[in-house]
Ligand SMILES: Cc1cc2nc3c(=O)[nH]c(=O)nc-3n(C[C@H](O)[C@H](O)[C@H](O)COP(=O)(O)OP(=O)(O)OC[C@H]3O[C@@H](n4cnc5c(N)ncnc54)[C@H](O)[C@@H]3O)c2cc1C
């Protein structure tokens, strides 16, 4: 096993790399494990990141990785498959490729997985014209015929209606397909007030070829649409946090303070793994905030202010 790192960062997306940049510039010995597959990889362009609007997701991470590595951060192309607190200020992280890393502090920035509706056409066009975030891609499909898919997935229902209420800001042709999801009278009134049409009927799938063509209903109707918004179920990639014994709230998200510090001493979380609403810029900000808190914690430990 290697010499102990000050900090091992699990996950090299926007949150993890941003934390690595801050810690490496603070002259900490830091390693980042993983990072090949950010959540927004299916999208050609990233939007809403001031000064980087429209940049391909992979390019942002390549630049971030080069910046962090330029200050001495070690980038390790592997995955953490298990983690354990092996001492007061000593964590062991086992790697999928074999071997292990030791660290005085751990920052978990492993993001989340989007569980998509199981319908033909959804996965093929995900991130292109099957979308979930108007702030990311609404502008790119402005003034187009837009649909919003409802569905029975737990946790996704309220978000589907919310999406349909948001979208008239981008297009005056928005249809909500409740699919198998019951709509309350309140939902219908709100959708009507926002000018969203409701088209009842079970959805069989999306018609796609080289792009999205429309929605196919189980009764044979076909409704042309060039963009569809869906509400995935968000699942945190939290196996490392679970292994380390972190606490989770009733909705299944890890409990942290405002800096991302979990209830387990020495363990922080940042980005989508702890906040499903984080955009790239806020995930990066959370990584930076956590890194500054971690460095402060190490300084206090080194000063003997408390034993960890
Ligand atoms: C289709 C789509 C388009 C989007 N478009 C935009 C947009 O335009 N603008 C915007 O602001 N946001 C957008 N988002 C949201 C954006 O993807 C997230 O805000 C952002 O990726 C969160 O960053 P993160 O660092 O928390 O997680 P991620 O970027 O997901 O990075 C987490 C990293 O951790 C790695 N990892 C996971 N488990 C392990 C492990 N055990 N060991 C090692 N590594 C691990 C993953 O492979 C990944 O590389 C979009 C999301 C989707 C799904």
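Rule-based calculations on the coordinates, nothing more; no lab input. Being a predicted model, the structure only gives us computed values, none of them experimental. Every residue, glycine as well, gets a Cβ built from its backbone with ideal geometry; the counts of neighbours run over all protein chains shown.
One table, with the values for the structure above:
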item: Distance histogram in 5 Å bins (all Cα pairs of segment 112-163, percent per bin); result: 4, 16, 29, 30, 17, 3, 0
item: Segment 229-304, relative contact order [Cα under 8 Å, separation at least 6], %; result: 23
item: Crossing angle, helix 157-166 versus the chain [Cα axis fit, 0-90 degrees, rounded to tens]; result: 70
item: Descending semi-axes in whole angstrom, ellipsoid equivalent of segment 263-308, from the Cα gyration tensor; result: 25, 11, 4
item: Point-to-point label distance, residue 258-residue 300, nm (Cα→Cβ direction, 7 Å offset); result: 1.5
item: Cα-Cα P(r), segment 1-160, percent of pairs per 10 Å interval; result: 10, 32, 28, 20, 10, 1
item: At q = 0.29, 0.30 Å⁻¹, base-10 log of I(q)/I(0) for segment 166-210 (Debye sum, equal scatterers on each alpha carbon); result: -1.08, -1.11
item: Kirkwood-type radius of segment 128-215, with distances r between different C-alpha atoms, in Å; result: 13.3
item: Rg to Rh, two decimals, where segment 209-280 supplies the alpha carbon set and Rh follows Kirkwood; result: 1.26
item: Relative contact order, percent, segment 118-264 [alpha-carbon distance under 8 Å, six or more residues apart]; result: 26
item: Likely footprinting exposure, 123, 29, fewest C-beta neighbours within 10 Å first; result: 123, 29
item: Choice from 41, 283, 236 showing the highest fluctuation, given a GNM over the chain with Cα pairs closer than 10 Å; result: 41
item: For segment 183-231, the fraction of alpha-carbon pairs in successive 5 Å shells from zero, as %; result: 5, 19, 22, 22, 19, 10, 3, 1
item: Most mobile of 49, 206, 229 in a GNM of the chain (Cα contacts under 10 Å); result: 49
item: With Cα atoms, 0 to 90° folded angle of helix 57-70 axis to the chain main axis; result: 10
item: Percent antiparallel among DSSP beta bridges (both partners in segment 8-110, rounded to 5); result: 55
item: Gaussian network model of the chain, springs between alpha carbon atoms under 10 Å - residue of 251, 40, 295 with greatest fluctuation; result: 251
item: Label-point gap, in nm, between residue 116 and residue 139 - each point 7 angstrom along Cα→Cβ; result: 2.5
item: Relative contact order %, the chain, counting alpha carbon pairs below 8 Å whose residues are six or more apart; result: 21
item: Rounded to whole Å, sorted largest first: equivalent-ellipsoid semi-axes of the chain, Cα gyration tensor; result: 41, 19, 17
item: Segment 78-229, Rg to Rh (Cα coordinates; Rh as Kirkwood inverse mean 1/r); result: 1.17
item: Two-site label geometry, residue 239 and residue 277: point separation in nm, points 7 Å out along Cα→Cβ; result: 2.9
item: Counting DSSP beta bridges with both ends in the chain, the antiparallel % (nearest 5); result: 50
item: q = 0.17 Å⁻¹: log10 I(q)/I(0) that the Debye formula gives for segment 160-266, counting C-alpha atoms only; result: -0.84
item: Value of Rg to Rh for segment 1-92 (Rh from inverse mean 1/r over Cα pairs, i.e. Kirkwood); result: 1.02
